[in-house]
Amino acid sequence: MNGTGVRERLVDAAFELFDERGYEQTTVDDIADRAGVGRTTLFRHYRSKEDVIFPDHDRLIADVRDRLATSTAGSALVAVVEAVRLVLLHYIEEADRARHRYALTSRIAVLRDREIASVARYQRLFREFIAGRMAPEPGAALRAELMAAAVVSAHNHVLRRWLRRDTAEPAAELDAAMAQVIALFTESAAASGSTVLVLHDRRDPEVVAATIRRALQQA
């Protein structure tokens, strides 16, 4: 069986055992045995038992960083929006597995702490990117911190709604949420006398203009 097949079996085994026995009572050997592989094989794919059930954050972080790296000064915020979408779509593609993980992290403290640490990595990446695109002026560092926190909060709000089955259109909700985030900060910049950045977008200009108008009206 190929590597992808082994990884999937290990994930399924971990989810099953955490439900059946509890997280603390499940060992790495238990997961390997249930998946029908050896301990060495498990560690070839995952660093620990909690790693088995989490999405590949290292790969997702790399994908986000790559998307941000392709932006120009005029498309920085568009890149942020698209990078956030990459993360959401990954969870959506996982479907019920993402919801299963959500249930586990809701009741197992160590897994919840791991998820919080992963969120912090995304926020740090967005903060560094946004700070690098801002003019070196008083308050820029705080502004970048606040915007990165808003970006991650918007994503997590929509993700939780989808995980709880409160929305059937998470991608559309994320677009609307991110429009509010961008409007919040561009309006703030305008009020303080700073330059408002006009972004290049791949979509039809009329569609972009309509989206911006709606965001400004709702902000």
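The values are calculated or read from the model by the stated rules, or taken from the named source; none is laboratory data. Quick caveat: nothing in here was measured; it's all calculated off a predicted structure. Neighbour counts run over all protein chains shown; Cβ positions are idealised from the backbone, glycine included. Ligands, DNA and RNA are excluded from the accessible area calculation, which covers all protein heavy atoms including side chains. Shrake-Rupley method; radii C 1.70, N 1.55, O 1.52, S 1.80 Å.
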Take the stretch 64-82 and flag every residue that is over 24 Å from residue 112 (Cβ atoms) and part of a helix (DSSP H, G or I).
-> 65, 66, 67, 68, 69, 76, 77, 78, 79, 80, 81, 82
On the given criteria, is residue 36 over 21 Å from residue 120 (Cα atoms), modelled with pLDDT of 95 or more, loosely packed, with under 14 Cβ neighbours inside 10 Å and of a type in the set (Gly, Ala, Ser)?
-> yes
Qualifying position, being open to solvent by 20 Å² or more (accessible area, probe 1.4 Å) and either in contact with a Pro (Cβ under 9 Å, 6 or more places away or on another chain) or modelled with pLDDT of 95 or more (or both), among 63, 96 | 63
Take the stretch 144-175 and flag every residue that is part of a helix (DSSP H, G or I) and over 16 Å from the mean Cα position of the chain (by Cα).
-> 144, 145, 146
The condition from (1) of a type in the set (A, V, I, L, M); (2) surrounded by 17 or more Cβ atoms within 10 Å (Cβ to Cβ); (3) within 17 Å of residue 73 (Cα to Cα) that residue 135 misses is numbered (2)
Within the stretch 138-155, which residues are of a type outside the set (Ser, Thr, Tyr), modelled with pLDDT of 95 or more and surrounded by fewer than 16 Cβ atoms within 10 Å (Cβ to Cβ)?
-> 149
Within the set of pairs 6+ apart or on separate chains, which have a first residue in the stretch 3-31 that is hydroxyl-bearing (Ser, Thr, Tyr), a second that is open to solvent by less than 70 Å² (accessible area, probe 1.4 Å) and not in a helix (DSSP H, G or I), and C-beta atoms under 8 Å apart?
-> 23/108
Name the pairs: first residue in the stretch 127-141 and closer than 16 Å to residue 70 by Cβ, second residue assigned to a loop (DSSP other than H, G, I, E, B), Cβ to Cβ under 7 Å, at least 6 apart or on different chains?
-> 133/73
For the stretch 126-140, how many residues meet the condition of being in contact with a helix residue (DSSP H, G or I) (Cβ under 6 Å, 6 or more places away or on another chain) and in a helix (DSSP H, G or I)?
-> 6
Please go through the stretch 23-50 and pick out each residue that is touching a helix residue (DSSP H, G or I) at 6+ places or on another chain (Cβ under 8 Å) and polar (S, T, N, Q).
-> 26, 27, 41, 48
